[in-house]
1. Compute the distance from the alpha-carbon center of region A:95-119 to that of region A:286-312, in whole Å.
2. Could you estimate the translational diffusion coefficient of region A:245-382 from the Stokes-Einstein equation, with Rh from the Kirkwood formula over C-alpha pairs, at 20 °C and 1.002 mPa s, in whole µm²/s?
3. When the convex hull of the C-alpha atoms of region B:75-169 is computed, what volume per residue in Å³ does it have?
4. Mind checking A:243-256 for the average number of partner chain beta-carbons within 10 Å of each residue's beta-carbon?
5. How about region B:90-126: which trypsin sites (Lys or Arg not before Pro) there lie in a loop by DSSP and see at most 16 other Cβ atoms within 10 Å?
6. Loop-only chymotrypsin sites (Phe, Trp or Tyr not before Pro) in region B:1-36, please: DSSP not H, G, I, E or B, and at most 12 other Cβ atoms within 10 Å.
7. Give me the Kirkwood hydrodynamic radius of region A:23-102 in Å, from all C-alpha pairs, to one decimal place?
8. List the aspartates and glutamates whose Cα lies under 17 Å from the Cα of A:LYS396, skipping any in the same chain that are fewer than 8 positions away.
Amino acid sequence: MPTLTIDGKTITVEPGTNLIQAAEKLGIAIPYYCYHPGLSIAGNCRICLVKMEKSPKPIIACQTLCQEGMVVDASSPEVGKLRQAVLEFLLINHPLDCPVCDQAGECWLQDYYMEFGLYDPKFNEQKVKKHFKATPIGPTVTLDSERCILCSRCVRFTDEISKTHELGIFDRGDHSEIGIYPGKELRNNYSGNVVDICPVGALTDRDFRFKCRVWYLTSTDSICPGCSNGCNIQIHVNRERPHHAKGERVMRLKPRYNAEVNQWWMCDAGRYGYKFIDKDRILIPERREGSLFKEEEWEKLLGSLASSIAALFERYEQNALGICLSPQLSNEDLFMAKKFFEEQLGLPQITVLSPSPEGDQDDFLIKSDKNPNTRGALALGLSKVSFEEIIQRIQKGKIKGLYLFGQDLLALLGESKAKEIFGKLELIIFQGSNQNATSKLAHVVLPSATYAEKDGTFTNHAGRVQRFWKALEPLGQSLPDGEILRRLASEMGTLLEFETPEAIFEDLAQSIAAFRGLSYASLGQEGKLLPDGGKVVARAVRHEKEDSRE
Amino acid sequence: MSTKVMHHRPLNFWERIYVPEVARGLWVTSRHFARNLFIHTAHRLGLLKHLQAAVTIQYPEEVRPYAERLRTRHRLTQREDGSPRCVACMMCETVCPAKCIYIVAEEDPDPNIEKRPKSFDIDLGVCVYCGYCVEVCPEDAIRMDTKIMNIASYSREGMWYNMDRLLHPEKEGDVLLKPKT
């Protein structure tokens, strides 16, 4: 355990810690471009120069490991002079593109120039023209090699993380530039990450291109709902200037560091999978009369829905209503559903049905289960029967009503089979955020909020319960799923009184053994594993998979 | 802040007896009237042009000359080919204290320009004419030097100026009042 002194402060660190990390622990920010904690050390940007006692020349902090007795000067005016000189060299071929550059506002060149800038530049030679100016190099990324400072972060990313080796540095000296190997393009499942790690505007996102300036964005921590990995993300919302992207509110998603889940990265499917939040949403509660939909007030619609359900129970029995919960719902919403459907109405026909079939999987972040909360649904013990059983009972005429949570049965079962099943049902309730073929055939449509519009928790594939925060107000008249169930319950004469998702989670942690001892406070930003290590649940997952194979 | 206390000068005897002061006021007014009547009549006859009479400017037939630095209605400057110089960097939109500038950006086919405004609207009904947009512009793309002051409309929508109107203030020249030079 080496002990060293940085700027007069002493710290003892783990062996193998470099000077940047040690300084960070002391609250001293050493600037860097090429260093990235998730990548190998390149040591080529030179901006992290520091002075060290008994060293004849300045050294770079990223490459230097802490040794016993080091005395480092990381922020004196002389060190600032060194960095100023380095920055002058880095900017030799950099164009004055800031007004048109999407990176402006979160650009590390701008940030460090504010601190170490040479405001009276001496350089008056011709800038070297590079080959790529605003050139798309793949489906997601635009390259502008004039802006590049050749830190090689993106090259190391494609070599070490995505292992796809598309990018390289070509030519020599002043003419060096980042480029794509001949005949290739930057097309892999993690390509969007090179935009995040590019400290300048050389690699920018084609999806975000010119949509909004970054200083208009507000950021909210969240969890990606794209698969069961539960990558930690930030939702970037444009609240101030709705005219910029035709009223779309969510501008982009960015990964958020979580050592246990996704480190610094996220996949492209998750990164660009936010469009449903602003597109094709169901905005107003509706009830079908004949072939037309009639828009109704929440209260009136839920009142008539409650009497329809009561009438259904009267005509047949409690078994006549099938419930298809979705693993897209949060733990809190599912717990409300459990309380309402299972405990208060005593319905036996409850299942958890994924709205999407299993997809691809890899050995890094992408999981085949495309739902964020399958583990949570299983831990809550919500799958009483299988979906196949519900279908069989509908075909036998035992189930007469079906309550869907966003699933499109036409896509899952095929159009003819789904329509045949719908023909046997007297009441189809569709509660979901987005329109699909099934929502157009339902009798009652209840608009629900997306994950970005509510607070809650998801349980990922490893049993890690992670919190997500509300980034936006629900669009139109939509409401969080738990709130819809609470209102429906009170229309049906039962009570589900919870003020906040936090109160729901508190009750959940008390009454469900798998979640015992957890609370929003203890989850924090990183989330927490289910207390039993999720062993019981893991067995249930296996069981479920075997079921689905049969 | 310190307060300065002002004391009125007490009226003297001559002022306090009132009537002489009234007479003096009448004399001042009559003198101006007679002088203006005389000089305006002379102007009509083409005489005494070097003397100035009453200072009323007969707006809108006459317009007071504006100062060079006066901030008047905005315009967008153009490149040689007539396209706007604006690159939609959103600086003016960001700095605007009234939030009356609305820009939507798009890709310019020329990779050396890269970005251009798809639409550029200013709501002049909200603008406070502070001139920050001109000051902050890195491309000299917006100026407030049209000398157009009479901006009026029968509706709020009419106060919205789109990119075309901002690029071509001269198109509205015939209905505009310009100071005599």
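Just so it is clear, none of the values below were taken in a lab; they were calculated from the coordinates. Bear in mind that the values here come from a model prediction, so they are computed numbers and not experimental data. Every residue, glycine as well, gets a Cβ built from its backbone with ideal geometry; the counts of neighbours run over all protein chains shown.
1. Cα centres, region A:95-119 to region A:286-312: 56 Å.
2. Translational D for this selection: 116 µm²/s.
3. Dividing the Cα hull volume of region B:75-169 by its residue count gives 95 Å³.
4. 1
5. Passing both the DSSP loop test and the Cβ count: B:LYS99.
6. For chymotrypsin sites (Phe, Trp or Tyr not before Pro) across region B:1-36 that sit outside H, G, I, E and B with at most 12 neighbouring Cβ atoms in 10 Å, the list reads B:TYR18.
7. Across region A:23-102, the inverse of the average 1/r is 14.1 Å.
8. Excluding near neighbours in sequence, the set is A:GLU317, A:GLU388, A:GLU420, A:GLU426.
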